[in-house]
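K.L.:
Would you mind keeping the following structure in view while I ask a few things?
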Amino acid sequence: MMRMDRLHPHPLPSPRQLEQGMLHWLHSLPGPVWLTLPGSTDKPARVVVTLLHGNEPSGLKGLWRWWHESPRPAQTCHFAIINVEAALAEGGFVHRYLPGQWDLNRGFGEHGDLAHQRLARDLLQHIQAARPEAVVDLHNTSGSGPSFAVATENWAQHRALAGLFTERLLITEVRLGALMEMTTRHSPIITIECGGAVDPQSDEVAYQGLRRFLETESVLEEQQGDWQLDLLTRPIRVRLNHGSTIHYGETPCEEADITLPPDIERLNFGWVQPEEPLGWLGSKGLDALNLSDGEQQLAASELFVQQDNRLHLACGSKLFMITTNARIAASDCLFYAVRSPSASDG
């Protein structure tokens, strides 16, 4: 049984372990681990966190590929591999967290004594002791879609870090107890959503971004890169209200409070107009939905309209983190939305 309430100091994989493979190495770990690749002591360290969710492997895959290259970065690099237990269950990378356990990216800033809260505090203590100039936390989205970064502050450091990995940066006021909420001016923390775990490009996003983050001399100054950063602000989190149910299908399900089509992930990061139906509503109508922008609860009618039993947007919006995983949709959220600037200003 792995001890999941603290980090275990652990060596980097040996050349032989690298050849044996990533899953083989994961099986050898005692639980969440903290790895260190020493560098110059006169340069501030950098930290990479990954596998906070056990079904989001692109960050670890990117590190594994980078470790194969026997890198020698100028600064010391620390790596935190977190939810090893969930990552190994049922053949590998199936569970976000194990049934009956807590989401490990929901306990930061909390003072309770549950295992995930103790682990969050231990990780923060490791980060603070390392005094890094930056921390990146790598994830995959629950559904298929392009990469993007998420930060809680629109600081130049966050924009610079985001640009190393992706062309999209979301600034959110929503607070969930995530690691990125612990950001400071001295050690900025940013989340990188590499794209869906099933999307082939996600592993490449992680690897190329990690190379830039770990090998570039200056990572906190905005650079003129290959892309212009698309900045999105004030996202709305769309959840099911307690007791409401969801179904995915081509036709409405009478027993469900909302039915979404199985291909709804195609709308990820596209501008969706009001005339395009998103799905179907059951007898509760819009009351099945719960909306928050991080500062306050919103009426569902501020973002949606119901036309007969069809669910439509009230204004043009960009949707993202759409999932077709019913368990995640019920326990976390259906998706996020950013309204068009004209609608937000109005």
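K.L.:
Are any residues in region 48-85 among the charged types (D, E, K, R), in a helix (DSSP H, G or I) and farther than 18 Å from ALA206 by Cα, and if so, which ones?
P.N.:
GLU85
K.L.:
Sticking with this one: Please state which one of SER344, SER317, SER331, SER340 is polar (S, T, N, Q) and modelled with pLDDT of 95 or more.
P.N.:
Answer to the selection: SER317.
K.L.:
Filter region 300-322 down to the residues that are more than 27 Å from SER144 (Cβ to Cβ) and either under 27 Å from the mean Cα position of the chain (by Cα) or touching a residue at least 60 places away in the same chain (Cβ under 8 Å) (or both) and list them by number.
P.N.:
GLU302
K.L.:
Yes or no: THR183 within 27 Å of GLU110 (Cα to Cα), polar (S, T, N, Q) and crowded, with 16+ Cβ neighbours inside 10 Å?
P.N.:
Answer is yes for this residue.
K.L.:
Counting just the residues of region 98-126 that are within 28 Å of ARG168 (Cα to Cα) and of a type in the set (Gly, Ala, Ser), which one comes out surrounded by the fewest Cβ atoms within 10 Å (Cβ to Cβ)?
P.N.:
Taking the candidates together, the pick is GLY109.
K.L.:
May I pose another question? Can you say whether THR36 is touching a residue at least 60 places away in the same chain (Cβ under 8 Å) and not basic (Lys, Arg), as far as the supplied structure shows?
P.N.:
Judged against the criteria, THR36 is not a match.
K.L.:
Kindly establish whether ALA151 is under 22 Å from PRO44 (Cα atoms), buried (at least 19 other Cβ atoms within 10 Å of the Cβ) and either at pLDDT 95 or above or among the aromatic types (Phe, Trp, Tyr) (or both).
P.N.:
Yes, satisfied.
K.L.:
For region 227-346, give me every one of the strands (runs of 3 or more DSSP E) that falls completely inside it and has 1 or more residues that are of a type in the set (Ser, Thr, Tyr) and surrounded by fewer than 17 Cβ atoms within 10 Å (Cβ to Cβ).
P.N.:
Fully inside region 227-346 and qualifying: 230-233.
K.L.:
Same structure again: Just one of (1) over 27 Å from LEU291 (Cα atoms); (2) part of a helix (DSSP H, G or I) trips up HIS158, so point out which.
P.N.:
Going through (1) over 27 Å from LEU291 (Cα atoms); (2) part of a helix (DSSP H, G or I) one by one, HIS158 breaks only (1).
K.L.:
Another one. Quick one: would you say LEU88 is of a type in the set (A, V, I, L, M, F, W, C), assigned to a helix (DSSP H, G or I) and within 30 Å of PHE269 (Cα to Cα)?
P.N.:
No: the conditions fail for LEU88.
K.L.:
Among the numbered conditions (1) in a helix (DSSP H, G or I); (2) surrounded by 20 or more Cβ atoms within 10 Å (Cβ to Cβ); (3) of a type in the set (A, V, I, L, M), tell me where ALA129 comes up short.
P.N.:
ALA129 satisfies every listed condition except (2).
K.L.:
OK, next. Tally time: how many residues in region 91-116 are in contact (Cβ under 8 Å) with a residue 12 or more places away in the chain and assigned to a helix (DSSP H, G or I)?
P.N.:
2
K.L.:
Something else now. Looking at region 18-47 only, could you name the residues that are in a loop (DSSP other than H, G, I, E, B) and of a type in the set (Gly, Ala, Ser)?
P.N.:
GLY21, SER28, GLY31, GLY39, ALA45
The values are calculated or read from the model by the stated rules, or taken from the named source; none is laboratory data. What you see is a predicted model, and the numbers here were worked out from it, not measured in a lab. As a convention, Cβ positions derive from the backbone with ideal geometry for all residues, glycine included, and neighbour counts pool all protein chains shown.
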